[in-house]
Amino acid sequence: MYQICVTIAGRRHCFPAPTLILKEQIKRPPPNNLPPFELAASVLMLVESVPKSELSTQLTEVATRYINDLQKQLPAGVGISPIKE
C-alpha cells in the first residue's frame with residue numbers, strides 16, 4: 001500500500017493512495033506451479049481494465065514478452081493463449 005504525503009505549515013499529512021485491488025482480495029489459485037506465468041497473466045488482465053498510459057503499455061510489453069518466451073520453451077503440441085471472450 002502506498003500513501004501520498006504533503007507537508008503543510010510544517011506538519012506532515014498522509015493519505016492512503018487508492019489501488020485497483022485490495023491486497024486482502026488477492027488469492028493465489030492452487031496449484032502454484034508457475035508463479036511467474038500467473039503473475040504475467042494477472043498483470044495483463046489488470047492492465048486491460050485501466051485507461052491506456054505509458055505505464056500500462058510498458059507492463060503489457062514486459063508481461064507479453066515473458067509469456068512469449070515461456071511459450072518457446074514448451075514442448076511441441078503445448079501452447080499458451082488468451083481465452084477469447
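Once the Cα atoms are used to define both axes, helix 54-73 deviates from the longest principal axis of the chain by about 30 degrees.
Against the empirical 2.2 N^0.38 Å (N residues), segment 37-77 has a Cα radius of gyration ratio of 1.28.
When only DSSP loop residues count, what chymotrypsin sites (Phe, Trp or Tyr not before Pro) in the chain have their Cβ near at most 10 other Cβ atoms within 10 Å? Mind showing how you got there, number by number?
Numbers: sites: TYR2, PHE37, TYR66; in loops: TYR2.
Here the chymotrypsin sites (Phe, Trp or Tyr not before Pro) that fit, given the DSSP loop and packing criteria, are TYR2.
Using a Förster distance of 30 Å, how high is the FRET efficiency between LEU39 and ARG11, based on the Cβ-Cβ distance and rounded to 0.05? Given R0 = 30 Å and the Cβ-Cβ separation, E is 0.15. The angle between the Cα long axis of helix 35-48 and the longest principal axis of the Cα atoms of the chain comes to about 60 degrees, rounded to the nearest 10.
Size check on the chain: the Cα extents along the three principal axes, sorted descending, read 65, 29, 25 Å.
Helix-only arithmetic for the chain: the sum of -39500 (n - 2.57) across DSSP H runs with n ≥ 4, divided by the residue total, places the mean residue ellipticity at 222 nm at -13500 deg cm²/dmol.
Can you tell me the relative contact order of segment 8-85? Whole percent, Cα pairs under 8 Å, sequence separation 6 or more.
23
Applying a DSSP loop filter and a limit of 13 other Cβ atoms within 10 Å to the trypsin sites (Lys or Arg not before Pro) in segment 21-85 leaves LYS27, LYS52, LYS84.
Coordinate-derived values only; no laboratory data. Quantities reported herein were computed from a predicted structural model and do not represent experimental measurements. All Cβ positions, glycine included, derive from the backbone under ideal geometry; neighbour counts span all protein chains shown.
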